[in-house]
Structure formats: C-alpha cells, structure tokens
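Single-structure report; data block below.
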Amino acid sequence: MVVIDLGCGKNKQQSAFGFDCRKEPGVNALCDIECPLPLKNDCADVVHASHVVEHVRNLIPFMEEIYRVCKAEAVVQVVVPYYTSRGAFRDPTHVRYIAEDTFQYFEQPTDYGIQTDFRIEAIRYEMRKPFRYLPEFVRKRCRRHLWNVVENMYVTLRVRKP
C-alpha cells in the first residue's frame, strides 16, 4: 500500500512517504508540492494533506496532480482550518479559505474543465467547546450562522477513475 503525506513537515503519518519543501525529521523527499510530484501515474492508495490546502496558491492544478498520482478508489484525506475559524485568518501564509463547497468543484461533472473526479465520502468538523456537546441539528445551525464555532474540517475524498 502506497501512502503519501503532502506537506508533512515533522508530523508525517505513520508508514507514509512524506513530501515537504523543508527538511524536517520524517520528510522523505524535498519538493515543491505545487509542482508536478516526482511520482508515477496511478501509484498512490492514500494521500494525506493536513493543513496544506489553505497554503496552495493554485488549487486546481494541485488537486489535478493528486488525482493523477492516485489509483482508482484511492482515498484522499484533507484537513483544513474551517473558513469561519480564527485559525483560517490568523496565519499570514494562508492564501485561501476552505468550505465544504470547495471540494464539490472536483467532482464530475466539474466546472471550468477541471480534470478530476473525486467523490466526497465524509466531512467531519472539529467543533469548539461548548458547541461540540450540543445536538447535531443545533451544531449544524451554529456552524452555518456563527463564526469561530468550528476549528478544523476533515474531508475524505474517494478517487473515481475508469
């Protein structure tokens, strides 16, 4: 099983091959993850991108590159600060805000000729206290109408290829 961790830094997923632009303990290959990855087509079973997507300047080519290196039915796990959280705004290296709807652009049929076909399998929210203790229907309304209720969003995508 080939597991890739993009932008892993020193927090690489166990048993993953880690890519980052800085030399850190656990990084296996130095590269700019916004450029073509030094990997063959259809080689990865799992791709992790934790707190990376919000730093990517050109998101469409980045997602197309992930799609290229993934096998059919591969899993892509993305963790991002939720677009209404303080964490999304306080880091000056963030270049974008990510919402649930962002990943719909990478499902088929895609707008703008995007060359990917991901299926959104799951979205999980890391709620701040005390919101995490509320019933789900209340959490959903708080998430949609209040700021700084959700800290991070965990998205699981499935690669669809013929």
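The values are calculated or read from the model by the stated rules, or taken from the named source; none is laboratory data. Keep in mind that this is a model prediction, so the values were computed, not measured. We place every Cβ from the backbone using ideal geometry, glycine too, and count neighbours over all the protein chains shown.
Taking the stated definitions as given, is Ala72 of a type in the set (A, V, I, L, M, F, W, C), farther than 25 Å from Asn11 by Cβ and either over 12 Å from the mean Cα position of the chain (by Cα) or not in a loop (DSSP other than H, G, I, E, B) (or both)?
On the way: of a type in the set (A, V, I, L, M, F, W, C): yes; farther than 25 Å from Asn11 by Cβ: yes; either over 12 Å from the mean Cα position of the chain (by Cα) or not in a loop (DSSP other than H, G, I, E, B) (or both): yes.
Criteria met by Ala72.
Give Ile60, Ile66, Ile123 a once-over and let me know the one that is in a helix (DSSP H, G or I), more than 20 Å from Val3 (Cβ to Cβ) and of a type in the set (A, V, I, L, M).
Working: Ile66 fails: more than 20 Å from Val3 (Cβ to Cβ); Ile123 fails: in a helix (DSSP H, G or I).
Going through Ile60, Ile66, Ile123 in turn, the sole match is Ile60.
From the list Gln104, Gln115, Gln77, which one is closer than 27 Å to Pro38 by Cβ, out of contact with any Asp or Glu (no Cβ under 8 Å at 6 or more places or on another chain) and of a type in the set (S, T, N, Q)?
Values: Gln104 fails: closer than 27 Å to Pro38 by Cβ; Gln115 fails: out of contact with any Asp or Glu (no Cβ under 8 Å at 6 or more places or on another chain).
The match here is Gln77.
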Checklist line | Cross-chain or 6+ apart pairs with Cβ under 6 Å, segment 133-162 first and more than 19 Å from Thr84 (Cα to Cα) and part of a loop (DSSP other than H, G, I, E, B), then at pLDDT 95 or above and not β-branched (Val, Ile, Thr) | finding: Arg160/Asp117; Arg160/Arg119; Lys161/Ala72
Notebook entry, point to check: Which of (1) surrounded by 18 or more Cβ atoms within 10 Å (Cβ to Cβ); (2) more than 22 Å from Cys8 (Cβ to Cβ) is the odd one out, the single condition Val155 does not satisfy?
Noted result: (2)
